[in-house]
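Structure first, then comments.
Any read-out appearing in this document is the output of simple, stated calculations on the displayed coordinates, not a laboratory observation. Being a predicted model, the structure only gives us computed values, none of them experimental. With ideal geometry, Cβ positions are generated from the backbone for all residues, glycine too; neighbour counts draw on all protein chains shown.
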Amino acid sequence: MLGLQLPTDPRWAELVHQDLPALLTDHAWCEQKAASNAISMIVRHPELSELVSELTRIAQEELDHFGQVVQRIHARGWVLGPERKDDYVNELMQFVRKDGSREERLVDRLLFSAMIEARSCERFKVLTEEAADPELREFYRVLMVSEAGHYTTFIGFARRYGGRVDVDARWKAFLAYEAEVVTRYGKAPTMHG
């Protein structure tokens, strides 16, 4: 369903086992950034009422996920660590068009968002299978379903608002680019690291 060309390196799960506080802190900040991304798209496209409504819901859900991750950090006696730069996301952002028509830029931003949701969903699936803590396995199962829904929403809006943009061709290009990018990651106990 997700179309990702390369799976996460299985060694990533072992890194997560070794430093769960780092993963949870990074995951919390990823949820915050996902909420901010949705709000940013609302600010750029307030005239698209259905998009605004759905992205408002997604932003609220992502912020709720942030809170849920922070609760799990605190329940384990840890503290939320500082936000860090997400090199994977920054590399994906380099593929997003900065020029072109408003339509093309919107499609790229939606596909960029779908790509992050797809990779996060795939990583959550790994955690449902590999996390040592049964409560975390269930938590990540629920989040995996949520991320899959966000992925579908972003792809759907890209197709809906794509106009003359060949969204499927652009998505294939994004998938190929992401496959190249992801080969440099999976080497740190962070969501995309």
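I want to make sure I understand the PRE zone here: with the label point 7 angstrom from the Cα of Thr128 toward its beta carbon, which residues in region 151-193 have backbone N atoms less than 17 Å away?
Correct set: 151-153.
Once the piece of chain linking Gln94 and Lys172 is laid out straight, how much longer is it, given 0.36 nm per residue of separation minus the C-alpha distance between them?
Values: separation 78, 0.36 × 78 = 28.08 nm, distance 1.61 nm.
Here the answer is 26.5 nm.
Where does region 131-181 land on Rg/Rh, using Cα atoms and the Kirkwood Rh?
Numbers: Rg = 15.4 Å, Rh = 13.1 Å.
Radius of gyration over Kirkwood radius for region 131-181 works out to 1.18.
Given a Förster distance of 35 angstrom, what is the FRET efficiency for Asp64 paired with Gln18, based on the Cβ-Cβ distance and rounded to 0.05? Please list the in-between numbers first.
On the way: r = 28 Å, r/R0 = 0.81.
Once the sixth-power term is evaluated, E becomes 0.80.
Give a residue-ordered list of calculated ³J(HN,Hα) values for region 108-125 (Karplus: 6.51 cos²θ - 1.76 cosθ + 1.60, θ = phi - 60°; whole Hz; x for Gly, Pro).
4, 5, 5, 5, 4, 5, 4, 5, 5, 5, 5, 5, 5, 4, 5, 5, 4, 4
Say R0 is 35 Å: what FRET efficiency, to the nearest 0.05, do Val142 and Glu180 get from their beta-carbon distance? Could you put the intermediate results ahead of the total?
Details: r = 31 Å, r/R0 = 0.88.
The value I calculate is 0.70.
Using 18 Å as the cut-off for backbone N distance, which residues of region 4-28 belong to the label zone defined by a point 7 Å from the Cα of Lys85 along Cα→Cβ?
Zone members listed by number: 26.
Check Met191: other-chain or 5+ apart residues with amide H under 5 Å from its amide H, H built from backbone geometry?
The answer is His27.
As I understand it, the value is the acute angle between the Cα axis of helix 20-44 and the longest principal axis of the Cα atoms of the chain; what does it come to in degrees, rounded to 10?
Helix 20-44 sits at roughly 20 degrees to that axis.
Any chance you could check the Cα centroid distance between region 1-62 and region 133-183 for me, in angstrom?
With region 1-62 and region 133-183 each reduced to a Cα centre, they are spaced 10 Å.
Can you give the Kirkwood hydrodynamic radius for region 62-166, in Å, rounded to one decimal and based on Cα pairs? Before the final figure, lay out the partial values.
Working: mean 1/r = 0.0643 Å⁻¹.
For region 62-166, inverting the mean 1/r across all distinct Cα pairs yields 15.6 Å.
Checking the cross-link filter: which lysines have an alpha carbon closer than 29 Å to that of Lys187, excluding same-chain neighbours under 8 positions apart?
Lys33, Lys85, Lys125, Lys172
With a point put 7 Å past each Cα toward its Cβ, work out how far Arg76 is from Thr152 in nm, to one decimal.
For Arg76 paired with Thr152, the spin-label model returns 3.0 nm.
Find the percent of Cα-Cα distances in the chain that exceed 28 Å, and round it to a whole number.
Details: 4227 of 18528 pairs.
In whole percent, the share of Cα-Cα pairs in the chain beyond 28 Å is 23.
By how many nm would the segment from Arg160 to Glu47 lengthen if fully extended, with 0.36 nm per residue of separation less the alpha-carbon distance? Display every interim value, and only then the final one.
Working: separation 113, 0.36 × 113 = 40.68 nm, distance 1.44 nm.
Net length gain for the segment: 39.2 nm.
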